[in-house]
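All of the numbers you see were taken from the coordinates with simple rules; none came from a lab. These numbers were taken from a predicted model, which means no experiment stands behind them. A quick note on method: Cβ atoms are made from the backbone with ideal geometry, for glycine too, and the neighbour counts reach across all protein chains shown.
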Ligand code: G6P
């Protein structure tokens with residue numbers, strides 16, 4: 001969701017704030033703003049639109065000052081207009097606040113503040129924070145912020161500055177991430193490390209209900225009840241190169257092409273080929289505890305939910321443990337049964353998704369052990385899990401998830417191998433899976449070498465407004481993921497379906513204007529999927545098939561065939577999803593869409 005950055009030090013703050021905002025733009029990009037303190041007081045500049053619009057506005061008269069805060073917005077309350085853009089100020093225009101999250105009790109607070117004489121100028125929930133701080137301000141900003149946030153329900157990560165206590169930034173968090181970068185006499189507050197990494201890799205993560213005061217002399221951390229807390233300085237292993245485009249036109253394409261490497265990173269040191277198993281150091285469970293798992297519940301959102309579905313198929317087939325997959329947003333509110341022996345796995349690239357975090361906390365409240373499968377090291381879900389697996393895919397910036405998905409699936413395959421070999425999975429089958437998994441990266445290189453062919457298919461189909469994606473078994477979640485990729489970035493309506501289920505509804509939609517993407521690899525359901533293909537052909541649907549290398553028969557039924565290398569059935573999704581990512585990417589480019597920052601979406605969804 002929204003991105004926050006704050007700077008205090010000896011340099012001009014504006015260039016640092018704007019650069020930080022650009023790094024965070026993937027979190028939200030409908031409007032942006034800055035607030036800077038200098039000898040003339042508090043200067044606030046903001047505008048609707050992307051950060052480039054704000055930069056243009058500031059090019060003419062850049063506010064100077066060595067302390068400031070900035071924000072890029074993904075609107076929740078109030079349209080994405082200049083007025084509703086952050087920072088928001090109090091009645092006197094001397095306190096400025098940027099906020100990520102949602103204040104649920106803002107209507108009640110607003111009414112009360114209005115009765116007390118405060119005047120509101122925006123439709124946002126955030127503005128009440130500025131007025132609450134104004135109400136409690138007696139010359140000390142952190143005391144006023146602490147008093148104000150104790151009245152808030154909902155989620156917030158905030159950064160606050162004031163003309164009347166000018167040498168500091170105050171940050172506070174509840175449910176929305178905040179991290180402080182520690183440099184020499186300079187400090188940066190941000191909603192994630194991408195805005196910090198150019199300056200330092202030394203960071204302090206705030207936990208819920210914690211606050212931080214940043215001054216040029218140092219940082220001081222407390223709880224929102226004003227008790228001092230001492231925090232550990234952690235080292236982030238990202239570098240700048242990893243968060244830049246490296247010559248690619250879009251982050252998404254770069255990340256698709258990074259998959260051989262990101263998967264190698266996921267697998268590194270974890271595959272034990274001779275023993276036909278995997279080593280996962282971070283589960284924090286003994287083999288005996290793992291053997292006693294009677295049920296697994298996997299909870300996630302979006303693309304991570306699709307990875308979870310593949311995890312269900314893998315764990316049930318190969319480790320023989322019953323698995324349920326739940327949308328985190330449903331799980332958290334439906335009083336799920338978590339009997340002893342159930343382990344909950346929360347999958348999240350960002351490790352910050354509000355629904356997944358809430359689902360995980362609900363599971364913990366009910367006494368379940370929770371494992372996290374996360375990409376972002378130090379993220380909230382990673383820190384609050386009892387153990388887990390980092391996927392090590394590296395920073396994913398494109399809003400549509402690609403390399404994180406394949407690394408999540410690979411991590412789940414590792415977990416399956418490990419669990420399976422503690423139970424019924426034979427050494428031979430374990431060894432075959434481990435070998436196959438280990439050579440997936442080079443087979444993805446083969447698919448990527450075919451990108452031009454996929455691009456030409458994309459050109460031929462980019463004008464269509466509907467797509468259907470069909471697959472069976474392990475390729476059913478891949479169909480869902482392929483459809484999600486297309487709708488996210490090209491705004492084409494696309495549905496994923498189990499191929500056989502097509503005849504119970506979607507078949508009514510099929511005519512010569514309906515492209516159907518079949519994932520039709522030669523596994524157990526191959527013949528059945530071919531029959532489904534015939535059913536589409538008979539209704540003059542246009543067919544793009546993803547087929548196994550060497551399968552020429554499919555070409556007699558499909559308009560276009562994209563061949564992918566063969567793999568063991570359970571590992572096929574790691575290959576079959578790649579052409580679908582490329583297809584979605586090239587169609588979106590063909591349609592002139594903003595691939596990395598699709599409309600209305602955000603990378604990290606920290607609101608419900
Ligand atoms: C957003 C992103 C998706 C992502 C989902 C879950 O919707 O746009 O790409 O799959 O959130 O995110 P997570 O970080 O929890 O995997």
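Worth pointing out:
- Separation of the range 127-142 and the range 331-375, taken as the distance between their Cα centroids, equals 35 angstrom.
- Were the residues from residue 52 through residue 335 laid out at 0.36 nm apart, the gain over their Cα-Cα distance would be 97.4 nm.
- Helix 354-365 and the longest principal axis of the C-alpha atoms of the chain enclose an angle of approximately 90°.
- The chain: antiparallel DSSP beta bridges as a percent of all, rounded to 5: 60 percent
- Taking other Cβ atoms within 10 Å as a rough exposure proxy, 268, 537 sort from fewest to most as 268, 537.
- Relative to the dominant Cα principal axis of the chain, helix 475-490 is inclined by about 40°.
- When 205, 187, 7, 333 are arranged by Cβ crowding within 10 Å, least crowded first, meaning fewest neighbours, the order is 333, 205, 187, 7.
- The helix-only estimate of mean residue ellipticity at 222 nm for the chain, built from DSSP H runs of length n ≥ 4 each weighted as -39500 (n - 2.57), is -10000 deg cm²/dmol after division by the residue total.
- For the range 183-210 versus the range 58-85, the gap between their alpha-carbon centres in whole angstrom: 20 Å
- Shown for 127, 312, 452: other C-beta atoms within 10 Å of each C-beta, ranked fewest to most, produce the order 452, 312, 127.
- The range 316-356 shape via C-alpha gyration tensor axes, a/c threshold 1.5: oblate
- In a fully extended conformation the segment linking residue 121 and residue 424 would gain 102.6 nm over its present Cα-Cα distance, using 0.36 nm per residue.
- With R₀ set to 56 Å, the beta-carbon distance separating residue 231 from residue 556 gives a calculated FRET efficiency near 0.30.
- In degrees, nearest ten, helix 127-136 long axis to first principal axis of the chain (Cα): 40 degrees
- From the alpha carbon centroid of the range 238-264 to that of the range 558-608 is 15 Å.
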